1. Among the numbered criteria (1) closer than 29 Å to V38 by Cα; (2) in contact with a helix residue (DSSP H, G or I) (Cβ under 7 Å, 6 or more places away or on another chain); (3) of a type outside the set (D, E), which one does L168 miss?
2. Could you tell me which numbered condition Y71 fails, if it satisfies all but one of (1) at pLDDT 95 or above; (2) over 17 Å from L193 (Cβ atoms)?
3. Report those strands (runs of 3 or more DSSP E) wholly inside the stretch 12-72 carrying at least 1 residues which are open to solvent by 20 Å² or more (accessible area, probe 1.4 Å) and over 18 Å from G95 (Cβ atoms).
4. For P110, indicate whether it is in contact with a Ser or Thr (Cβ under 7 Å, 6 or more places away or on another chain) and farther than 19 Å from D143 by Cα.
5. Regarding L193, is this residue over 17 Å from the mean Cα position of the chain (by Cα) and part of a loop (DSSP other than H, G, I, E, B)?
6. Counting only residues that are more than 17 Å from the chain's Cα centre (by Cα) and surrounded by 15 or more Cβ atoms within 10 Å (Cβ to Cβ), give me the strands (runs of 3 or more DSSP E) lying completely in the stretch 133-185 with at least 2 of them.
7. Pairs needed: first member in the stretch 47-67, of a type in the set (D, E, K, R); second member anywhere, open to solvent by less than 30 Å² (accessible area, probe 1.4 Å) and assigned to a helix (DSSP H, G or I); C-beta distance under 7 Å; at least 6 residues apart or different chains.
Amino acid sequence: MDISLLDCAVEEKLVTLTDVTWEQFKGIEAQLIDNRSVRLSYLSGILEIMSPIGEEHESVKSSFSLLLDAYLKAKGIRFYKRGGYTLQAPGYASGTPDESYSIGTKKAVPDIVIEIIVTSGTINRRELYKPKQVPEVWFWKSDTMRIFHLNQQGEYEEVSRSSFFPNLDPNILLQYIAMPDQYDAVQEFEQFLREQRP
């Protein structure tokens, strides 16, 4: 496979390869180490290559992050923003969330990972984080949000609100993420939070 072909894409595209060994995946990953416009996900022999990361994806990711940061600061919740660093279970899974957070204290494994889905693939992205036992996985897709919490049986179950922020209605976040102007959205959300204080 000619990896350089990925640089020719003009819109977000997803290529899925099957029967890829961990060693083959790591070889491809090494070739693309300096290419920030390519995102790789690997799960049990399936490799997804996304390139380039589109404008809508990055806009939603940035807005989501700014709004969640504003909420945490307004509520005085200590948090450590971890960014999109790769979580791996060698030989089985490798995934890079769009954003991640540790709540309360900085931890080796983040408490929350956030995925912005513009182009869907075949990999069940919850499975990418199960080996590391990430407590919550949040997904934004097509102006909807879904939150999955890791239960005592080690399986992700969908919940209506985060266990870390039970007073945060995800639908409120969605309203502000959908606003066309990011700056105005954050300003108005911060004003909304100030008005909510007792």
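1. Just one mismatch for L168, condition (1).
2. Y71 satisfies all of (1) at pLDDT 95 or above; (2) over 17 Å from L193 (Cβ atoms) except (2).
3. Working: elements: 13-17, 39-43, 46-51.
Answer list for the stretch 12-72: 13-17.
4. On the way: in contact with a Ser or Thr (Cβ under 7 Å, 6 or more places away or on another chain): yes; farther than 19 Å from D143 by Cα: yes.
Spelling it out, P110 is indeed in contact with a Ser or Thr (Cβ under 7 Å, 6 or more places away or on another chain) and farther than 19 Å from D143 by Cα.
5. Considered against the rule, which asks whether it is over 17 Å from the mean Cα position of the chain (by Cα) and part of a loop (DSSP other than H, G, I, E, B), L193 comes out as no.
6. Details: elements: 136-141, 144-150, 156-159.
Output list is empty.
7. none
For every residue, the table says whether it meets (1) in contact with a Pro (Cβ under 6 Å, 6 or more places away or on another chain); (2) modelled with pLDDT of 85 or more.
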residue: T18; (1), (2): no, yes
residue: D34; (1), (2): no, no
residue: S37; (1), (2): yes, no
residue: L40; (1), (2): no, yes
residue: S51; (1), (2): no, no
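The values are calculated or read from the model by the stated rules, or taken from the named source; none is laboratory data. Predicted, not measured: the structure shown is a model, and the values here were computed from it. Don't worry about glycine lacking a Cβ; one is built from the backbone with ideal geometry, like all the others, and counts go over all protein chains shown. When the accessible area is computed, the model is the full protein with side chains, heavy atoms only, and any ligands, DNA or RNA have been set aside. Shrake-Rupley method; radii C 1.70, N 1.55, O 1.52, S 1.80 Å.
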